[in-house]
Amino acid sequence: MKTQLISLADELNFAVRDAVADLAEACGGKDNCTNPSCLFHKVTRHKDPRPNPLLNLCYPSTLALYHLLEMLSDISRDEFKKTVRVMKADSPTGARHAKGAMKHFWIDIDGEVFDPSYTQYEIGKTKLPDHSLGKAYSSPHGTLKTERVKPIIKQTLLNLI
Ligand SMILES: [Zn+2]
């Protein structure tokens, strides 16, 4: 059962990356974008996202992966919550914002790492995330930034059909 979950997570991790690349292609940056609810609006000031689609999207891409796994895996909700963890650490780039250090997010399943936005650091040639520094994350307010999470979920599901 866990191997099934892990291979699904592996597949969805790539599917989420592809979906964000498709959304970046459709956006093209503020000079080209005609989507009033484009998820890149508040991300990097709507700069052309095509060269590095997942830049600053670690939270929404990770939460999209989490909810897609929840939707598409057939384990019980209880088992799912025990097994699949959202992880958080300070961003490897050392970037800060008004609320302090920027965070990097990913998914851990039994010690296996699924990090959809990892490519942003490879493309940006910055320091890479050290997943051993991660702490389990949960929000008392449920999923945040749903206006960014939902389009990624939708596009991923569209691509999988
Ligand atoms: Zn856009």
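All but one of (1) out of contact with any Ser or Thr (no Cβ under 8 Å at 6 or more places or on another chain); (2) free of Cβ contacts under 8 Å to residues at least 40 places away in the same chain hold for Val84, so report the exception by its number. Looking at each condition in turn, Val84 falls short on (2).
Look through Leu23, Leu8, Leu57 and report the one residue that is out of contact with any strand residue (DSSP E or B) (no Cβ under 9 Å at 6 or more places or on another chain), within 16 Å of the ligand (Cβ to nearest atom) and within 18 Å of Val113 (Cβ to Cβ). Full working, then the answer.
Working: Leu23 fails: within 18 Å of Val113 (Cβ to Cβ); Leu8 fails: within 16 Å of the ligand (Cβ to nearest atom).
Of Leu23, Leu8, Leu57, the one residue that is out of contact with any strand residue (DSSP E or B) (no Cβ under 9 Å at 6 or more places or on another chain), within 16 Å of the ligand (Cβ to nearest atom) and within 18 Å of Val113 (Cβ to Cβ) is Leu57.
I'm trying to understand the selection: among the residues of the stretch 9-24, which are without any contact (Cβ under 8 Å) to a residue 12 or more places away in the chain and of a type in the set (D, E, K, R)?
Start the filter on the stretch 9-24 by keeping residues that are without any contact (Cβ under 8 Å) to a residue 12 or more places away in the chain, which leaves 11, 14.
Across the stretch 9-24, the qualifying residue is only Glu11.
For the stretch 26-52, a tally of residues being more than 9 Å from the ligand (Cβ to nearest atom) and touching a helix residue (DSSP H, G or I) at 6+ places or on another chain (Cβ under 6 Å) returns 2. Here Val16 meets each of (1) within 26 Å of Lys88 (Cβ to Cβ); (2) aliphatic (A, V, I, L, M); (3) within 13 Å of the ligand (Cβ to nearest atom); (4) not in a loop (DSSP other than H, G, I, E, B) with one exception, condition (3).
For beta carbons closer than 7 Å, sequence separation of 6+ or different chains, a first residue in the stretch 25-54 that is under 22 Å from Met102 (Cβ atoms) and a second that is aromatic (Phe, Trp, Tyr) and in a loop (DSSP other than H, G, I, E, B), the qualifying pairs are Cys27/Phe40; His46/Phe40; Pro49/Phe40.
Could you go through the stretch 69-79 and let me know if any residue there is within 23 Å of Leu39 (Cβ to Cβ) and touching a strand residue (DSSP E or B) at 6+ places or on another chain (Cβ under 7 Å). It would help to see each step written out before you state the result.
Start the filter on the stretch 69-79 by keeping residues that are within 23 Å of Leu39 (Cβ to Cβ), which leaves 69-72.
Okay, now just the ones that are also touching a strand residue (DSSP E or B) at 6+ places or on another chain (Cβ under 7 Å), so 69.
Yes, some residue in the stretch 69-79 is within 23 Å of Leu39 (Cβ to Cβ) and touching a strand residue (DSSP E or B) at 6+ places or on another chain (Cβ under 7 Å).
Computed from the coordinates by the stated procedures, all read-outs in this text should not be read as laboratory data. All values derive from a computational prediction rather than experimental measurement. Cβ: placed from backbone, ideal geometry, glycine included. Neighbour counts: every protein chain shown.
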